[in-house]
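The next block holds one structure in the form of structure tokens; read it before the comments.
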Amino acid sequence: MDLSMLRKGVLGVAGVAFAAGVVAGPVAAATVESPAQAAPVAVAVQGDKPDTGRLMPHGVRGEQSRIPLDAEQTGNVKAIIAATKKAGMDERAAVVAIATSLQESKLENLGHLGDRNDHDSQGLFQQRPSSGWGTVEQITDPEYSTTAFLKGLKQVDGWQDMPLTKAAQTVQVSAYPDHYAQWETQAADLVAEHWTS
């Protein structure tokens, strides 16, 4: 065998071993950390997620409903959470807002539905321009409509101490005031999942 070919073969194997070591090095180093070093990271991540007690402080009332969400609906969940944070409100406010939107529009940013529509209700919260919620363009903007809902919620004395359906109904003045309650578990699950994402 030619000495130069043997040298190339050895160097090739050494190069592969070196590359594997570089790639595996940080991973191997991460797995060698002591439990004391790894624990705070796990605790910090868990600490960022809201706990169920804060999300549903009054428990749930009645049977719960749940629907699968597509990408648009999940985007609207994230928009509601972002607007809630921007308004300086907590996770419970996001649960109330998401449950309300689940009832009003199934988290879809609805335009005017013609004969199927309740008056001129539109957007995530089925807010009405004729009732002073804003223009059509405003109430079909997820950030604006959420902010408008939260502004109404802030004006409800003691909303934090009310069952979800009563807080939502006080803002929305729906013909079906008890229907918001059925979405509390899914809304809480969505806030727990997306609050820190």
Taking a virtual spin label 7 Å from the Cα of V156 along the C-beta vector, which residues in region 56-100 bring their backbone nitrogen under 12 Å of it? 93-100
Accessible surface of E193 in the full protein assembly, 1.4 angstrom probe, to the nearest 10 Å²? 110
Which entries in K78/K166; K86/K106; K85/K166; K85/K154 show an alpha-carbon gap greater than 19 Å? K78/K166; K86/K106; K85/K166
Ranked highest first by the average count of other Cβ atoms within 10 Å around their residues, in what order do 72-82, 90-100 fall? 90-100, 72-82
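The values are calculated or read from the model by the stated rules, or taken from the named source; none is laboratory data. The structure displayed is predicted, hence computed values, not measured ones. Positions of Cβ are backbone-derived with ideal geometry, glycine not excepted, and every protein chain shown enters the neighbour counts. When the accessible area is computed, the model is the full protein with side chains, heavy atoms only, and any ligands, DNA or RNA have been set aside. Shrake-Rupley method; radii C 1.70, N 1.55, O 1.52, S 1.80 Å.
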